[in-house]
Structure formats: structure tokens, C-alpha cells
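This report refers to the structure that appears directly beneath it.
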Amino acid sequence: MEPETREQQNKTMGPMVGIIVVVVVLVLGGIYFGREGIENIFNISSEKSVEEISSAPDDALEMLKTQGDSDEVTAIEEDLNATNIENLDEEIMNIDKELQAF
């Protein structure tokens, strides 16, 4: 048998090194998540439950429910004029801040 050349040794070592790196990263990630806890990492607060949030009154939603279902131009204009979009930018900024917290 011929001795392996450096090129052949490198070809067999590459996948093995890759597997070792992946395993080390997974182990370190598991240790990190285990020590910190999911709640602390993602800033999950247990102040309000999903039921409390979903049952809270939403003025914008109630306003949309009162709109008509007519397809007449005048009815559509009335619904459009009754819709308050003044604070739309502020709401988008609040949503963006909440998403950046994660």
C-alpha cells in the first residue's frame, strides 16, 4: 500500500473538522440556553397572558367593525372618512420597538 499524500489526508480531515466544529457550537449553544433560560434570552415577560391581551378592548378594531359593507362610492367615502389613520406612524414605530426587543 502507498502512503497517503498530504492532499489525501486533507480531504479526509476536512469533513471530520467540520463535524467537530458543528458539535462544539451546538454544545456551547445548549449550555448558553440552559444557563440563561428561554425567558431571559427572549425577554418574555409573564405580566399578561395571551388571553388577557386578546380580550383587551381595541378601539381601532371596534371602529372597523362598524363600517358598512356597501359597495356604493358614497358609502365607501363615508367609511374612509370615518377611519382614523392619524396615529398610524406611531403604531408602526411601537411595533418596530417591540420587535427589536427580541
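Just a few scattered comments:
Okay, residues lined up against (1) of a type outside the set (V, I, T); (2) within 28 Å of the chain's Cα centre (by Cα); (3) at pLDDT 80 or above; (4) in a loop (DSSP other than H, G, I, E, B):
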{"residue": "A60", "(1), (2), (3), (4)": "yes, yes, no, no"}
{"residue": "L64", "(1), (2), (3), (4)": "yes, yes, no, no"}
{"residue": "D69", "(1), (2), (3), (4)": "yes, no, yes, yes"}
{"residue": "I76", "(1), (2), (3), (4)": "no, no, yes, no"}
{"residue": "L80", "(1), (2), (3), (4)": "yes, no, yes, no"}
{"residue": "E86", "(1), (2), (3), (4)": "yes, yes, no, yes"}
{"residue": "E91", "(1), (2), (3), (4)": "yes, yes, no, no"}
{"residue": "I95", "(1), (2), (3), (4)": "no, yes, yes, no"}
{"residue": "L99", "(1), (2), (3), (4)": "yes, yes, yes, no"}
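- Of the numbered criteria (1) in a helix (DSSP H, G or I); (2) at pLDDT 80 or above, the one Q8 fails is (2).
The values are calculated or read from the model by the stated rules, or taken from the named source; none is laboratory data. Everything numeric here is computed off the predicted structure, so don't read it as measured data.
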